[in-house]
């Protein structure tokens, strides 16, 4: 089993959260693999900019999730993935999807709608945690 570490962001601008729509219609949060000698927090900032075209600053660490999946290229290979998530604040609502990575749309959606649109349960959970933190600490929602 191969281990993979990724990092991503729940990016907020006022009362909206950045979501990316993949070519297949799935809405997801921006995230990606940690590169060699790169800090996990730096990966989150880089991936948010690369995948969504958004400049954002980290507010706080939200936690990590774990899951396993079969490698698309080698079906027999199981990948054990850990994703670290950060609550981030965008400087503006300007966003551009990275089409080379299969994203056809990047959009800030209302925080309540974001949990409905997000494809994966673990991403919905991390969005809900981010909303709770915003309500508690930032009084944004």
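Throughout, read-outs are computed from the coordinates displayed, never taken from laboratory work. Since the model is a prediction, treat every value here as computed from it, not as a measurement. Methodologically, a virtual Cβ is constructed for each residue, glycine included, from the backbone with ideal geometry; neighbour enumeration extends over all protein chains shown.
Label separation (residue 113 vs residue 4): 3.0 nm, computed from points 7 Å beyond Cα along the C-beta direction. In the elastic network of the chain, a GNM with C-alpha springs shorter than 10 Å, the most mobile of 116, 105, 128 is 116.
Judged by the ratio a/c of the largest to the smallest principal axis of the C-alpha gyration tensor, the stretch 70-128 counts as prolate, that ratio being 1.5 or greater while a/b is larger than b/c.
One chain, two ends: residue 104 and residue 79. Fully extended at 0.36 nm per residue, the span grows by 6.4 nm beyond their Cα-Cα distance. The long axis of helix 121-133 is offset from the longest Cα principal axis of the chain by roughly 30 degrees. Computed over the chain with a Gaussian network model linking Cα atoms closer than 10 Å, the most mobile of 15, 71, 80 is 71. For the chain, the longest principal axis of the alpha carbon atoms and the long axis of helix 40-52 meet at an angle near 80°. Here the calculated FRET efficiency for residue 22 and residue 60, from their Cβ-Cβ distance with R0 = 35 Å, stands at 0.85, rounded to the nearest 0.05. Anyone know which of 20, 78, 62 comes out most mobile in the 10 Å Cα GNM of the chain? Most flexible of the set in this elastic network: 78.
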